[in-house]
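Coordinate-derived values only; no laboratory data. Keep in mind that what you see is a predicted model, and the values were worked out from it rather than measured. A quick note on method: Cβ atoms are made from the backbone with ideal geometry, for glycine too, and the neighbour counts reach across all protein chains shown.
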Amino acid sequence: MDSEVVEEWAGRIASDSGFAAVEHTVELTGVCAGCQPATE
Ligand SMILES: [Zn+2]
């Protein structure tokens with residue numbers, strides 16, 4: 001993931017909601033392409 005996108009998103013949410021000094025944690029879970037079962 002492009003971290004800049006997350007920073008922009010967090011900043012936008014913060015300014016929209018009137019919050020300041022917002023901290024954020026992004027957690028991703030999932031299965032990479034190599035571990036996914038074949039869909040065919
Ligand atoms: Zn994998």
Calculated FRET efficiency for the pair V5/Q36, C-beta based, R₀ 22 Å, to 0.05:
0.40
Gyration tensor on Cα atoms of the chain, a ≥ b ≥ c root eigenvalues, a/c under 1.5 rounded, else prolate if a/b beats b/c, else oblate, says prolate
Applying the Karplus parametrisation 6.51 cos²θ - 1.76 cosθ + 1.60 with θ = phi - 60° to the phi angles of region 28-34, what ³J(HN,Hα) value in whole Hz is obtained for each residue in order, glycine and proline being reported as x?
10, 10, x, 10, 6, 4, x
Any chance you could give the angle, 0 to 90 degrees and rounded to 10, that helix 3-17 forms with the longest Cα principal axis of the chain?
40 degrees
